[in-house]
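The values are calculated or read from the model by the stated rules, or taken from the named source; none is laboratory data. Source: prediction; values computed, not measured. Virtual Cβ from ideal backbone geometry, glycine too; neighbours counted across all protein chains shown. Quick note on the areas: whole protein, heavy atoms, side chains included, nothing else; ligands and nucleic acids left out. Shrake-Rupley method; radii C 1.70, N 1.55, O 1.52, S 1.80 Å.
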Amino acid sequence: MRRDLGWWALLLPAFLLMTVLYVAPILQVLAISVTEPTLGAQNYNRLLTNAGVQRVVWTTLRIGLLTTALALLLGYALAYVIALARPAAQRWWLLGVLLPLWISVLVRAFAWVTLLRRQGLLNQGLQATGLIDAPLPLVWNEFGVVVGMVHYMVPYAVLPMLASMREIDPRLLAAARGLGASRGTVFGRVFLPLSLPGVVAAAVLVFIFSLGFYITPAILGGGKTLMAAEWIKLQILDLVRWGMGAMLATVLVAAILATLAVFSRVVDLRRLFGARA
Amino acid sequence: MSSTAGHALALRGLTRRYGSFVAVRDVSLNVESGEFVTLLGPSGSGKTTMLMMVAGFTEPSEGTILLDGRDITALPPERRDFGMVFQGYALFPHMTVAENVAFPLRVRGLGRAAREEKVRAALDLVQLDRFADRKPAQLSGGQQQRVALARALVFDPALLLLDEPLSALDKKLRGELQEELKALHRRVGRTFINVTHDQEEALRLSDRVAILDHGRLVQQGSPLELYERPATRFVADFLGRSNFLAGVVREVRPGAMALVAGGTRLVQAVAYGAPKLALGTPGLLALRPEKISLLAEGEAADTEVAGEIAAWSYHGTGFALSVQTVDLGLLQVALPAWRAPIAPAEGMAVRLGWPADASVPVAEDSHAA
Ligand SMILES: Nc1ncnc2c1ncn2[C@@H]1O[C@H](COP(=O)(O)OP(=O)(O)OP(=O)(O)O)[C@@H](O)[C@H]1O
Ligand SMILES: [Mg+2]
């Protein structure tokens, strides 16, 4: 018993640091959300009554889900190619996937703006080839936001799915073919089900990340597509409505915890965050 | 292809290269319908490569594969209709035992009722009917092996291919499952091709054994033929143990010849029609340790040699003696322990002898590859 106590005492500094720097501010946000401007749940009532708040929540969810779906689709295809590539090729593919992670999110967002804007590379190229007459609205709208976010999230989708695919014994795939299954059936009945834990893990990771996106939607949305994080910043810094901002921040945290709680029943969360089970 | 009889397989000049390395070199082999054939060879001799070419996972560089006379060399694995038991079994971990066994039926589009009936029959065959709803991870190694067998047999395959099906099991279980496998082969009457590096397993299970060395087929035959009449030094050494006696041919008569090694005359019976060695050429004989006897005072044998026990050990059923001789070097002798004529001791002088048909002439190996 006493020895156990000693070990716990070693954890104490870290625990205090976490409490002071992390838990306390969150609790404070929670407190603000029910005390500003007056004590009560009036901020949370807005969630049910205020169309503006509802639109932001809906936009955030919609973009989050869309981003998750697209990042998973692209990420799965990439992970599949990488998992089946020769070891030497795998290293180059992985480098290609991870490279964007080392470039600032700001730089990437502006890069997309230059690519997608009216006089951007894409629109000019399409016009030059005569495919379109007028430039397409590719940025400063939801489309642009989703493009930027998917681009940002694909590596995060690839990694858990690739880990899951790498654990699949290649002999299982050969065995399935030897037993008479076509390539398509092998994929559908053996590969896909066995890679599913990675897909679920990637989905949780990408969705949670997507809910809290700030810079990418702020730049590529051009102020018209408001997601939760930007709206919170607007409430607090520009409108000085601390209570409303804190309310949505709390809702965001609650939504993330709820997502984790639901999926912790399906997947091993320790794997999601990199620990080997 | 779901008749009850087995199917015949013929390999013609099968070769597989990896770059400049030749993993399998010009192998021709006939496997008769209903036969149990084992490919035996040391690690890296090309057994798996051979089996993978038969199964269709590896493309031969040269040669053809015929099933009942039909060329199937270019057929993809899923169209060959062969059952295969992989090393490590390769059971699908996300499916139950019954689903695993049903897999080949499902991909063939069999109806649910027919499927269930066949799965039940296959699980009965390997005595696993009680485990139908378990996942593979909840089974012992031996049980997993039997699921793999049931899955490979359930769709009445033309051929059953087994890649070291028992190597992951402990010795006792391996022995039991060898018996089961042999009984299963008799019951289902199909053509089995087994791969192993375990010579004992090959001898016990097979109708015929094909021995591979460095990608070459060095000899094939029934276990008895291979053990009694090995063609090369490698075969004599790999299947069981052998002494090798080198000498020069001094005498050739009908039915026998004599070699001379120093002062020892080696009398060797020559089977009718067997190729004879020419006078004056060097020859090599293989002699099993259990075919050497200890000669009593005044007892004679076709070949006799004197020596001294250099080392000995006791194995319950017998003694293993290492006898140092002047002309033949160290000879390994297996002596039955029951009523052994001597109590072995180091340094003891003994006289060894064996009849002319105990040894066999073998060729030196030719891996000038
Ligand atoms: N894909 C490959 N590329 C290059 N060389 C290979 C490949 N597959 C097999 N080989 C080589 O071919 C030779 C035969 O391999 P194979 O797997 O057939 O041996 P084996 O007899 O099954 O051995 P073991 O008993 O160890 O399983 C080995 O030297 C191996 O290194
Ligand atoms: Mg092998």
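A few comments on the model shown:
- Among the candidates A:ILE232, A:ILE208, the residue that is part of a helix (DSSP H, G or I), touching a Ser or Thr at 6+ places or on another chain (Cβ under 7 Å) and without any contact (Cβ under 8 Å) to a residue 60 or more places away in the chain is uniquely A:ILE208.
- Number of positions in the range B:301-358 that are of a type in the set (Gly, Ala, Ser) and out of contact with any strand residue (DSSP E or B) (no Cβ under 7 Å at 6 or more places or on another chain): 3
- Given (1) within 14 Å of chain A (Cβ to nearest Cβ); (2) of a type in the set (Gly, Ala, Ser); (3) in a loop (DSSP other than H, G, I, E, B), index of the condition B:SER167 fails: (1)
- Whichever residue in the range B:61-89 is open to solvent by 60 Å² or more (accessible area, probe 1.4 Å) and under 9 Å from B:ALA10 (Cα atoms) and, among such residues, is nearest to the other protein chains (Cβ to nearest Cβ): B:ASP68
- Note on the range A:142-195: residues that are aromatic (Phe, Trp, Tyr) and within 14 Å of chain B (Cβ to nearest Cβ) total 2.
- For B:LEU110, the criteria (1) more than 12 Å from every other protein chain (Cβ to nearest Cβ); (2) open to solvent by 10 Å² or more (accessible area, probe 1.4 Å) hold in every case but one, which is (1).
- Of the listed requirements (1) within 14 Å of B:LEU161 (Cα to Cα); (2) in contact with a Ser or Thr (Cβ under 9 Å, 6 or more places away or on another chain); (3) open to solvent by 30 Å² or more (accessible area, probe 1.4 Å), B:PHE57 misses just one: (2).
- Scanning the range B:91-120 for residues that are part of a helix (DSSP H, G or I) and more than 21 Å from A:GLY178 (Cβ to Cβ) yields B:ARG112, B:ALA113, B:ALA114, B:GLU116, B:GLU117, B:ARG120.
- When A:ALA88 is tested against the conditions (1) in a helix (DSSP H, G or I); (2) of a type in the set (A, V, I, L, M); (3) within 14 Å of another protein chain (Cβ to nearest Cβ); (4) over 23 Å from the mean Cα position of the chain (by Cα), the lone failure is (3).
- Residues in the range B:94-125 that are small (Gly, Ala, Ser) and touching a Leu at 6+ places or on another chain (Cβ under 8 Å) were compared, and the one that is farthest from A:GLY188 (Cα to Cα) is B:ALA122.
- Checking each residue of the range A:37-44 against the condition of being open to solvent by 90 Å² or more (accessible area, probe 1.4 Å), modelled with pLDDT under 90 and closer than 30 Å to A:VAL199 by Cβ gives no match.
- Counting only strands (runs of 3 or more DSSP E) that sit completely within the range B:187-283, those holding 3 or more residues that are touching a strand residue (DSSP E or B) at 6+ places or on another chain (Cβ under 9 Å), open to solvent by less than 50 Å² (accessible area, probe 1.4 Å) and within 16 Å of ligand 2 (Cβ to nearest atom) correspond to B:191-196, B:208-213.
- When the range B:20-32 is limited to residues that are within 17 Å of B:ALA8 (Cβ to Cβ) and part of a strand (DSSP E or B), the one that is farthest from ligand 1 (Cβ to nearest atom) turns out to be B:ASN30.
- Strands (runs of 3 or more DSSP E) (entirely within the range B:298-350) containing at least 3 residues that are aliphatic (A, V, I, L, M) and surrounded by 19 or more Cβ atoms within 10 Å (Cβ to Cβ): B:329-336
- Taken together, B:GLY63, B:GLY109, B:GLY56, B:GLY69 contain a single residue that is farther than 19 Å from B:HIS185 by Cα, over 21 Å from the mean Cα position of the chain (by Cα), more than 16 Å from ligand 2 (Cβ to nearest atom) and modelled with pLDDT of 95 or more, which is B:GLY63.
- Test: A:ALA77 is free of Cβ contacts under 8 Å to residues at least 40 places away in the same chain and either assigned by TED's automatic domain parsing to the domain that holds A:VAL199 or exposed (fewer than 13 other Cβ atoms within 10 Å of the Cβ) (or both): yes
- Any hit, the range B:40-47, residues being in contact with a Lys or Arg (Cβ under 7 Å, 6 or more places away or on another chain) and within 14 Å of another protein chain (Cβ to nearest Cβ): no
The rows are residues; the columns are (1) open to solvent by less than 50 Å² (accessible area, probe 1.4 Å); (2) closer than 27 Å to A:VAL204 by Cα.
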{"site": "A:ALA128", "(1), (2)": "no, no"}
{"site": "A:ALA163", "(1), (2)": "yes, yes"}
{"site": "A:GLU167", "(1), (2)": "no, yes"}
{"site": "A:LEU172", "(1), (2)": "yes, no"}
{"site": "A:ALA181", "(1), (2)": "yes, no"}
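- Criterion: within 24 Å of B:GLY34 (Cα to Cα), open to solvent by 20 Å² or more (accessible area, probe 1.4 Å) and not acidic (Asp, Glu) - qualifying residue of B:GLN138, B:GLN145, B:GLN127: B:GLN127
- The set of residues from the range B:36-48 being within 8 Å of ligand 2 (Cβ to nearest atom) and surrounded by fewer than 23 Cβ atoms within 10 Å (Cβ to Cβ) comprises B:SER43, B:THR48.
- Residues satisfying the stated conditions in the range B:33-70, i.e. away from ligand 1 (no atom under 13 Å from the Cβ) and assigned to a strand (DSSP E or B): B:PHE36, B:VAL37, B:GLU62, B:GLY63, B:THR64, B:ILE65, B:LEU66, B:LEU67, B:ARG70
- Selection status of B:SER20, open to solvent by 20 Å² or more (accessible area, probe 1.4 Å) and touching a residue at least 40 places away in the same chain (Cβ under 8 Å): no
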